Amino acid sequence: MGGQQPPYGLVSPNSSIDDELFPEDYEQFGTPVNVNRAADPSRTHPWVDPSILKLMHRVGRGHFGDVWLATIHNRTEDFDEYHEVAVKMLPTGSEEQVHSLLQKFESLFHTVQGLRGVSWPYGISIKDGKACIIMKFYEGSLGDKTAHLPGNKLPLADVLRYGQQLVSGIMELHSCGILALNLKPCNFLLDDRNVAVVGEFGIPMLLGGIPSPSSAHPYWLGSPNYMAPEQWDANLRGPISFETDCWAFACSIIEMITGEVPWNNMSSQDIFDAVVVRHQKPMVPSGLPPAVDRVLKACFEYDYRSRPAFREILRAFANPKEPFKAGDWVCVREKPSGQFLRIGVVKTVIGPDSVLVQYCDKPGEPIHCSGASSLHLWKDSFQIGDAVILKEWVESPRFGWPGEFHQSEGIVSEIGVQDGVILVTFRGSQEAWRADPVELERVSGGLVANDWVRLRTGWSIEATNCGQMPSRVGTVHCVEHSGKLKVAFLGRGTLYTASPEEFEKVAPFLHGQYVRMKAEVVAPRFDWPQEEKGGRDTGRIVHILPSGGLFVNFPGRLFTGKGVWADSEETEVIHLNEISGMINKYQHIEKMHWAVRPTLSLLGFLLAARTGIVIVNLVTRSLRVRKNTAASENKAARYHPNESMPNQKDNPVWLPPQVAVATSTVANLIFGEGVTTPSR
Ligand SMILES: Nc1ncnc2c1ncn2[C@@H]1O[C@H](COP(=O)(O)OP(=O)(O)OP(=O)(O)O)[C@@H](O)[C@H]1O
């Protein structure tokens with residue numbers, strides 16, 4: 001327990017929600033449930049009677065709502081008490097949305113009771129048509145603290161100390177499956193022992209479909225200056241995941257070090273353009289310890305899958321000079337794809353930021369890594385009992401597995417503590433085979449990370465936020481040790497966790513493929529350009545989102561803007577060899593680039609011109625021969641030995657001179673220098 005006790009009697013089991021408001025909600029919401037992290041065994045549900053909550057004055061104003069200092073009045077036969085609390089007031093929306101908010105809050109409330117590094121809520125009420133989340137009243141926030149310091153910044157040592165406390169809180173939330181989503185210095189609260197805790201968390205998820213104040217980004221999931229690219233529209237660019245919190249955390253740390261709010265003085269539209277469209281990132285100040293610099297920079301990877309685990313951030317903040325320990329699994333990633341190049345185990349820590357690593361691909365030869373800036377803790381290491389398979393690109397495994405096991409699933413039976421080499425056993429074989437972990441991946445039901453899958457008939461997924469049903473085609477984000485899959489679907493916003501039985505593997509979509517919206521789709525998720533004749537145009541995939549969303553442009557159209565988003569479930573790939581008939585093939589090729597038609601027209605014209613020239617040449621040849629014979633006879637008759645012969649080329653008597661020159665120039669331009677005009 002982190003010294004955060006709710007005021008006695010705060011939760012009154014007999015209290016009733018404002019009856020005028022939503023009586024049905026109370027019935028559903030007021031049902032007593034077990035508290036799984038019992039801070040106070042009497043706290044069975046979070047509802048607070050609005051009549052005992054008195055708002056005093058506002059202490060903060062944020063994107064999602066205002067924070068008020070308030071009192072809770074407890075009156076019993078024996079005593080009459082007032083307790084100071086902080087209240088975050090949130091917009092509510094429709095009755096249905098309030099119902100959903102209360103339900104989500106109840107679940108959050110029970111999950112986080114007793115966490116040490118976060119300001120867990122005392123309860124919830126509804127007052128003046130607003131949802132009031134009741135919290136402990138703290139001394140203030142780190143945002144308030146820095147505002148009173150010269151340059152609005154904190155010394156690095158303080159930032160690192162608060163950073164560790166906050167990372168611990170964030171990790172606690174993540175261990176309960178909760179994303180913080182709105183990390184920023186104003187939400188880092190300081191208690192009476194000067195310890196920083198994570199203030200508000202999960203509020204964007206509570207608000208779900210309740211519109212934000214911005215019409216440009218109606219469902220944003222955080223504060224614009226601190227939001228990761230996938231947070232701007234998680235249903236499209238998501239999913240949001242634990243790594244999403246890395247971005248805001250790193251922004252907050254930079255703000256506390258430099259005194260500058262990231263993207264200061266920029267409108268949310270400009271921040272969106274910078275972060276999402278132009279892939280810009282906040283500047284990490286120079287002069288930081290290398291380990292801190294490394295993790296902060298990694299927090300700003302555009303693809304959230306390449307961002308570090310909070311465990312790694314904690315290490316860097318707690319011990320910036322020696323962020324790795326002997327026995328740590330480390331990896332080297334390829335930029336920008338984020339694929340692992342090498343995996344190894346730290347053998348010896350030599351000194352500040354200098355380690356000996358035993359890479360699994362070079363047994364017996366530890367390699368010295370100084371400046372360790374390219375090393376990362378391996379987020380997702382194997383465990384004994386994991387089902388594994390060779391990665392698709394591995395043709396001949398480093399430690400030479402027999403061919404019959406190349407496509408088979410094995411089980412990790414041992415992990416080399418010294419060298420990190422994995423031992424894998426296969427069904428029907430007594431032997432254990434050595435493997436470099438770089439060449440292996442976890443598998444479940446035949447599915448591995450990055451596979452494309454379709455939800456099988458009979459299964460369904462609900463949208464996490466507002467809006468349309470998610471797509472049924474998505475990509476596997478990871479395979480858990482338990483064998484469950486985490487799958488990203490366009491339109492869902494967060495990862496969907498399920499057993500592999502729910503999915504079937506489908507062919508992947510690839511960059512550069514030509515695609516078209518399926519004819520049977522009547523109400524597409526996104527608009528798709530129409531052909532002049534009425535059908536759907538053919539486009540080309542230029543970008544694939546982690547959720548399986550496609551960005552398609554239309555090279556066959558000259559003026560169509562940048563392209564459109566497409567749901568892979570509604571899209572089909574077009575292969576030229578599957579198109580029957582020359583005309584159909586031509587029409588398809590025409591759609592692939594606007595320049596096809598003019599190029600073919602030009603070629604046709606040139607062919608016709610060339611043919612014409614050849615015919616003219618043939619027809620006039622006999623005429624020219626006859627004329628030439630007569631002329632040479634005539635000339636010979638007049639020839640004098642002291643005269644030179646006239647240059648035949650200078651006098652193309654068979655065509656008027658202008659025509660001859662023009663024909664020659666055009667032909668040379670088109671067919672090259674090898675083509676000559678007809679000569680005598
Ligand atoms: N539990 C609390 N106890 C004391 N003061 C608080 C508490 N919560 C918030 N505050 C104060 O309110 C200020 C602003 O908080 P608020 O959450 O309204 O702003 P914000 O974080 O910018 O907004 P939002 O979270 O809506 O994006 C904080 O800087 C802090 O001073």
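Only the coordinates and a few stated rules stand behind these numbers; no lab work does. Remember, it's a predicted structure, so these values are computed and weren't measured experimentally. Note that each Cβ is placed from the backbone with ideal geometry, even for glycine, and that neighbours are counted across all protein chains shown.
Data overview
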quantity: Mean Cβ count within 10 Å, highest first, over the residues of peptides 259-271, 377-389; calculated: 377-389, 259-271
quantity: Residue order, fewest to most beta carbons within 10 Å, for Ser94, Ser141, Ser568; calculated: Ser94, Ser141, Ser568
quantity: Extension reserve of the Arg610-Thr76 stretch, reckoned as 0.36 nm per residue once the Cα distance is removed; calculated: 181.7 nm
quantity: Residues whose placed amide H lies under 5 Å from that of Asp49, excluding near-sequence neighbours; calculated: Ser12
quantity: Simple spin-label estimate for Leu341 and Arg597 in nanometres, 7 Å along Cα-Cβ; calculated: 4.8 nm
quantity: Amide hydrogen neighbours beyond the local backbone of Trp120, cut-off 5 Å, H modeled; calculated: none
quantity: Nearest-20 debye value, region 103-250 charge dipole, Cβ charges on Lys, Arg, Asp, Glu; calculated: 140 debye
quantity: Extension reserve of the Asn450-Glu395 stretch, reckoned as 0.36 nm per residue once the Cα distance is removed; calculated: 17.9 nm
quantity: Stokes-Einstein diffusion coefficient of region 245-366, Kirkwood radius over Cα pairs, 4 °C, 1.567 mPa s, in µm²/s; calculated: 81 µm²/s
quantity: Over region 386-456, relative contact order from alpha-carbon pairs under 8 Å, at least 6 apart, %; calculated: 33 percent
quantity: Pairwise label distance in nanometres, Asp303 with Ile411, each label 7 Å out on the Cα-Cβ vector; calculated: 3.3 nm
quantity: Cross-link pairs beyond the 27 Å C-alpha cut-off, checked among Lys484/Lys518; Lys321/Lys486; Lys321/Lys379; Lys104/Lys127; Lys391/Lys484; Lys281/Lys347; calculated: Lys484/Lys518; Lys321/Lys486; Lys281/Lys347
quantity: Potential lengthening between Asn265 and Thr620 on full extension [0.36 nm per residue; Cα-Cα distance subtracted]; calculated: 119.9 nm
quantity: Of the trypsin sites (Lys or Arg not before Pro) in region 105-209, those whose Cβ has at most 10 other Cβ within 10 Å and which sit in DSSP loop; calculated: Arg193
quantity: Residues Ser482 and Gln430, FRET efficiency given R0 of 35 Å [Cβ-Cβ distance, rounded to 0.05]; calculated: 0.85
quantity: Inter-probe distance in nm under a simple model that places probes 7 Å from Cα toward Cβ, at Glu462 and Lys104; calculated: 1.2 nm
